[in-house]
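The values are calculated or read from the model by the stated rules, or taken from the named source; none is laboratory data. Since the structure is predicted, the reported quantities are computational estimates derived from the model, not experimental observations. Neighbour counts are summed over all protein chains in view; Cβ atoms, including those assigned to glycine, are modelled from backbone coordinates with ideal geometry.
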Amino acid sequence: MKKVLVLEDEANIRSFIVINLKRAGYETIEAGTGEEALEQLRRNPNVDVALLDVMLPDTDGFEVCRQIRAGNKRIGIIMLTARTQEMDKVTGLMTGADDYVTKPFSPAELTARIDAICRRATGEAAVAVGEISFPPFLLNTRNRTLEKNGVRVKLTQVEYSIVQLFMENAGKALSREEILDAVWGKEYFGEVKIVDVNIRRLRIKIEDDPTNPKFLTTVWGFGYKWGA
Ligand code: CA
């Protein structure tokens with residue numbers, strides 16, 4: 001059974017989420033503060049997905065996200081944002097979140113997002129044989145790692161999936177929609193903008209000059225391509 005950490009300080013919203021996740025077949029762990037969430041993760045290192053509310057009494061969800069991500073690249077992280085926090089979404093993704101859901105959300109939407117992240121994590125771990133070499137990069141599909149000039153580049157699961165997709169389709173222009181379908185899944189409810197945010201973050205990690213990318217290049221009005 002997949003384990004989901006629910007960090008939400010408002011008890012009624014938290015129990016609403018928990019009831020619906022249990023109904024959908026997930027095991028849940030609850031936290032009402034950022035500190036509690038980090039403590040719960042220390043006690044339960046096998047949590048698959050963390051849902052992080054942004055507005056918390058002791059800290060904010062982005063800081064919790066950053067701290068979780070610093071020690072755990074595998075966990076899926078979904079931010080729970082309010083409608084007025086449009087800019088925060090981008091900040092959240094830059095600190096290592098995989099996705100965000102805007103309040104108020106339906107139980108169906110939330111479970112679809114969690115399902116998509118879980119499928120991606122398990123499905124892709126099973127594929128994976130060997131290596132893809134694109135000097136100075138080496139992608140190891142067995143342990144899902146990327147090296148640049150022999151040095152490990154720390155990637156989230158989503159970032160890794162994007163790099164693998166591009167390397168497997170080197171030289172081919174991929175539209176934002178294709179990238180969204182391949183990495184987030186066809187059932188994904190979110191906006192295509194999430195692709196741009198992840199690409200921007202990836203460029204910071206892999207390009208020599210992120211403002212003048214040589215590897216993950218832009219195909220204007222369409223999408224992105226691996227290589228010039
Ligand atoms: Ca809150």
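In table form, for the structure just shown:
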read-out: Which numbered condition Asp9 fails, given (1) surrounded by fewer than 16 Cβ atoms within 10 Å (Cβ to Cβ); (2) within 16 Å of the ligand (Cβ to nearest atom); value: (1)
read-out: Qualifying residues in the range 40-66 (those that are closer than 18 Å to Glu27 by Cβ and crowded, with 17+ Cβ neighbours inside 10 Å) - the one nearest to the ligand (Cβ to nearest atom); value: Leu52
read-out: Residues satisfying the stated conditions in the range 131-169, i.e. in contact (Cβ under 8 Å) with a residue 60 or more places away in the chain and either within 20 Å of Lys214 (Cβ to Cβ) or basic (Lys, Arg) (or both); value: Phe134, Phe137, Leu146, Lys154, Leu155, Phe166
read-out: Condition broken by Glu86, with the remaining ones in (1) modelled with pLDDT of 85 or more; (2) away from the ligand (no atom under 16 Å from the Cβ); (3) over 26 Å from Arg144 (Cβ atoms) satisfied; value: (1)
read-out: The lone exception for Ile17 - which of (1) in contact with a strand residue (DSSP E or B) (Cβ under 6 Å, 6 or more places away or on another chain); (2) away from the ligand (no atom under 15 Å from the Cβ); (3) part of a helix (DSSP H, G or I) it fails; value: (2)
read-out: Within the range 67-83, considering residues that are charged (D, E, K, R) and surrounded by fewer than 15 Cβ atoms within 10 Å (Cβ to Cβ), the one farthest from the ligand (Cβ to nearest atom); value: Arg74
